1. Here is a list of conditions, (1) of a type in the set (Phe, Trp, Tyr); (2) closer than 18 Å to Gly217 by Cα; (3) surrounded by fewer than 24 Cβ atoms within 10 Å (Cβ to Cβ), and Tyr271 meets all of them except one; can you say which number that is?
2. Please determine whether any residue of the stretch 121-139 is more than 29 Å from Val240 (Cβ to Cβ), within 10 Å of ligand 1 (Cβ to nearest atom) and either of a type in the set (D, E, K, R) or in a helix (DSSP H, G or I) (or both).
3. Considering Asp146, Asp72, Asp117, which residue is acidic (Asp, Glu) and within 21 Å of Leu184 (Cβ to Cβ)?
4. Among the residues of the stretch 49-57, is any modelled with pLDDT of 85 or more, under 27 Å from the mean Cα position of the chain (by Cα) and either within 16 Å of ligand 2 (Cβ to nearest atom) or outside the structural domain of Phe92 (by TED's automatic domain parsing) (or both)?
5. Being more than 16 Å from ligand 2 (Cβ to nearest atom), among the hydrophobic types (A, V, I, L, M, F, W, C) and within 23 Å of Leu70 (Cα to Cα), is that true of even one residue in the stretch 117-125?
6. With His169, His151 as the choices, which residue is within 18 Å of Ala198 (Cβ to Cβ) and more than 17 Å from the chain's Cα centre (by Cα)?
7. Quickly run through the stretch 233-276 and pick out the residues that are assigned to a loop (DSSP other than H, G, I, E, B) and small (Gly, Ala, Ser).
8. Given (1) in contact (Cβ under 8 Å) with a residue 60 or more places away in the chain; (2) within 16 Å of ligand 2 (Cβ to nearest atom), where does Thr90 come up short, assuming only one miss?
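The values are calculated or read from the model by the stated rules, or taken from the named source; none is laboratory data. Just so you know, these numbers come straight off a predicted model, no measurement behind them. Because the Cβ atoms are built from the backbone with ideal geometry, glycine has one as well, and the counts that use them run over all protein chains shown.
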Amino acid sequence: MSKSKNFFQNLIKPFTSSSRRDQNDVDLERIAEQDQKHFSFEALVKATENFHPSQKLGEGGFGSVFKGKLDDGREIAVKRLSQSSTQGKTQFQNEAKLLLRVQHRNVVNLLGYCVHDAEKLLVYEYVVNQSLDKLLFKSDRRDMLDWKRRHDVITGVAKGLLYLHDEAHCSIIHRDIKASNILLDDRWVPKIADFGLARLFPEDQTHVHTHIAGTSGYMAPEYFMHGILSKNSDVFSFGVVVLELVSGQKNSAFNRDPDSPNLLEWAYKLYKKQRSFEVMDPALVSSADPKQIAICVQIGLLCVQSDPQLRPDMDRVVVILSRKPSHLEEPTRPGSGPRYRRHRRGTTSTVTGTSDVSSSRSSGSYTQTASTSGHTSTGPDPRGKRPAKN
Ligand SMILES: Nc1ncnc2c1ncn2[C@@H]1O[C@H](COP(=O)(O)OP(=O)(O)OP(=O)(O)O)[C@@H](O)[C@H]1O
Ligand SMILES: [Mg+2]
């Protein structure tokens, strides 16, 4: 390029770079539109009646979910992600494409995604019986979940989680296994929802804080206190769900026994007295299989053990559930006991009581940053976010 032309280009640079950026955005959108998994924003506006409040299925820490119907008749659930995600457009698209390849009978099917200006949306299949929490913790709908259905939910979620951890094309730590993220289809097959959000919100600390306040009843103590995320922390959350299914009690709102701070301690106490059957939801009396109840209580307790290394992996859980084991390990205490004190960036955060998450919810200020990444890595992490190796 001649000197004079170069000079001219530099001169007009400030005026052309933003329009070039706009052009890049347009190109990106065009490329994405060609991809069948990319939904246009207009199509989603139409499908959800312009995100009308009557179409809203619920709202979680990542945004709101709306029911919709596509022109081709398919029913969908559109998750409109909150603007707080700092992830760039391209990175979001790349992650979404990776997640589109995740397919399993016990995992909600991600149909596609949409990026439109600052908006990011995920499009899922609509799962007709919605989430487990809406059935299990509502007295008028709980009867729909007899023991066989609950046992099927336990085995299905175990298989879905095993798939995410070990069988999918990339290992996925869910980070947010809980009753509201387990959906039930028309034949009551359980499907794990929100499996990729740990990848889509890698740096979003705000969300983690919201979660600590909101759904901490499921978080493993090492994740809650040290931000250590691993397959084992998912196993802990799965154990909480198992005990909730058997007992019909919500861990974060436990009030069955004034001498037990939470569902896990209560179940452990009864187990130690060989009274596991009393953990069972009274609504299950007529449908329960006592042997299965006893095994599920024990599996739940094995999964919520304080020491992450003692928890079984999902492979083992699936084996225990599918074959009646002749021998099962003895669970140790759930959660961990001592007061916790941690010094970080000049601030001291104290979590009092047992480290079990439902009791630590009530602790005062909390500045610990939990890991939000679903990736497994072993190297040192400059931000102090350290997914542990499994
Ligand atoms: N694919 C779906 N089909 C049917 N209902 C769904 C679907 N996805 C979500 N929902 C409903 O929308 C509600 C809100 O979901 P959302 O994921 O936003 O909140 P959450 O699960 O409570 O919290 P989190 O943000 O931590 O996942 C869920 O409780 C569920 O009942
Ligand atoms: Mg959810």
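1. Of the numbered conditions (1) of a type in the set (Phe, Trp, Tyr); (2) closer than 18 Å to Gly217 by Cα; (3) surrounded by fewer than 24 Cβ atoms within 10 Å (Cβ to Cβ), the odd one out for Tyr271 is (2).
2. Taking every residue of the stretch 121-139 in turn, none turns out to be more than 29 Å from Val240 (Cβ to Cβ), within 10 Å of ligand 1 (Cβ to nearest atom) and either of a type in the set (D, E, K, R) or in a helix (DSSP H, G or I) (or both).
3. Only one candidate passes the filter, namely Asp146.
4. Looking through the stretch 49-57, at least one residue is modelled with pLDDT of 85 or more, under 27 Å from the mean Cα position of the chain (by Cα) and either within 16 Å of ligand 2 (Cβ to nearest atom) or outside the structural domain of Phe92 (by TED's automatic domain parsing) (or both).
5. The answer is yes, given that some residue of the stretch 117-125 is more than 16 Å from ligand 2 (Cβ to nearest atom), among the hydrophobic types (A, V, I, L, M, F, W, C) and within 23 Å of Leu70 (Cα to Cα).
6. Criteria check complete, one pass: His169.
7. Once the filter is applied, which keeps residues that are assigned to a loop (DSSP other than H, G, I, E, B) and small (Gly, Ala, Ser), the stretch 233-276 yields Gly248, Ser260.
8. Thr90 satisfies every listed condition except (2).
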